[in-house]
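The values are calculated or read from the model by the stated rules, or taken from the named source; none is laboratory data. Predicted model, so just to flag it, every value in this text is computed and none were measured. We place every Cβ from the backbone using ideal geometry, glycine too, and count neighbours over all the protein chains shown. Heavy atoms of the whole protein, side chains included, go into the accessibility calculation; ligands, DNA and RNA do not. Shrake-Rupley method; radii C 1.70, N 1.55, O 1.52, S 1.80 Å.
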Amino acid sequence: MGRKERARERREERRQQISRLRLIPYSDDQRWWCSATTAVVTGANKGVGYEIARQLALHGFKVILTSRDINNCLQPQKSLLEQGLNAAIHQLDILSLESVGQFSQWIHHNFGGIDILINNAGVNFNLGSDNSIEFAETVVETNYFGTKRMIRTMLPLMKPSISGARIVNVSSRLGRLNGRRNRLADTTLRQQLNDEDALSEELIDSAVTKFLEEVKEGNWNSGAWPQVFTDYSVSKLAVNAFTRVMARELGNRPEGSKVYVNCYCPGWVKTGMTGWAGNISAEEAADTGVWLALLPVSGQVMGKFFAERREISF
């Protein structure tokens, strides 16, 4: 058996293992939530976002599905309500400071706050072997700056509790600093982003701004940046790094006001984002995000990167 075949076999074994784990109910000691526990899922009208919302609702959460076009949430909400689940919807464009502000005001007025924020909304305009940077600014603005905008705006609304609030950022292995393939080739920048003492929000912003400037100047393909889905990879690299920044910022909060933030890669999913060419279903892809959101207090982690319920390196 060749290397690829062995890797495929291991992936299948892990998929089956997780499928079995998903069937095990949470015990009363593990269930830190109740029917009033509220979760927001961005980009939840379809795909992985909808599946995360559905699975959280099945666990008894009150879920709020968001989309740029509220009409796209009507059928998903109807489907959840018909199953007897607790689901609300609201328009949200994470690119718009005004839209995010209006959403946060609505949350405050109607729910008082939230317990879980799943930053799933994102875009990718490349398929297959494509590597166009035509929409690089939109990709970076949505995937990184939009995610950051949501975290900064919603943090004051994360409800204090002994269990801690949770933020889960949906990211990608394509944004790994030290992956064997598609790594950031700029060694100086990679070392800076890898250095916990040097890492900062300003450094991340500067890196993605430099990338966008090089896109405009036409010299982005000098070899310094990831070579597969470059704009998407850079945006997710930034999300991963910002997750670590937020973990450091939030890690010193006292018990009762903690917010646990982590990120995860859902894998190559059969959704519109991959042109339906993925190798796992949206239901499988949502699993690790839901698992992270539901971690019992005793098993909580902070500032880590996961795939298939396992920690992976940044």
Region 269-314 pair-distance distribution - Cα-Cα, 5 Å bins, rounded %: 5, 19, 24, 19, 17, 9, 5, 1
Using 29 Å as the Cα-Cα cut-off, could you pick out the over-long pairs in Lys46/Lys304; Lys148/Lys216; Lys4/Lys270; Lys216/Lys258; Lys46/Lys148; Lys159/Lys270? Lys216/Lys258; Lys159/Lys270
Degrees between helix 201-217 axis and first principal axis of the chain (Cα, 0 to 90, nearest 10): 50 degrees
Which of the trypsin sites (Lys or Arg not before Pro) found in region 108-180 are loop residues per DSSP with 11 or fewer other Cβ atoms within 10 Å of their Cβ? Arg180
On a full-extension model of 0.36 nm per residue, what is the gain between Ser96 and Ala198, subtracting their alpha-carbon distance, rounded to one decimal in nm? 33.7 nm
Approximate spin-label separation Ser257-Ile70, in nm, with each point projected 7 Å along Cα-to-Cβ: 3.4 nm
Jot down the per residue volume, in cubic angstrom and as a whole number, of the convex hull over the alpha-carbon atoms of the chain. 138 Å³
Identify the GluC sites (Glu not before Pro) of region 79-151 meeting these criteria: DSSP loop state and at most 13 other C-beta atoms within 10 Å of the C-beta. Glu134
Want the number for Lys4 to Ser222: 0.36 nm per residue separation, take away the alpha-carbon distance, what's left? 75.5 nm
Expressed as a whole percentage, what fraction of the accessible surface of the chain belongs to carbon and sulfur atoms when a 1.4 Å probe is rolled over the protein heavy atoms? 49 percent
Can you sort Thr188, Thr274 by 1.4 Å-probe accessible area, starting with the largest? Thr188, Thr274
Accessible heavy-atom area order of Thr138, Thr288, highest first, probe of 1.4 Å: Thr138, Thr288
Label points 7 Å out from Cα along the Cβ direction at Asn110 and Leu23: separation in nm? 3.7 nm
Accessible-area ranking of Lys62, Lys46, largest first, probe 1.4 Å: Lys46, Lys62
Can you spot the aspartates and glutamates whose alpha carbon is less than 20 Å from Lys78's alpha carbon? Ignore those fewer than 8 places along the same chain. Glu51, Asp69, Glu283
Shape descriptor, region 127-200: equivalent ellipsoid semi-axes (Cα gyration tensor, sqrt 5λ, whole Å, largest first) stand at 28, 19, 12
Straight distance only, please: which lysines reach the Cα of Lys210 with their own Cα at less than 17 Å, same-chain residues fewer than 8 apart left out? Lys236
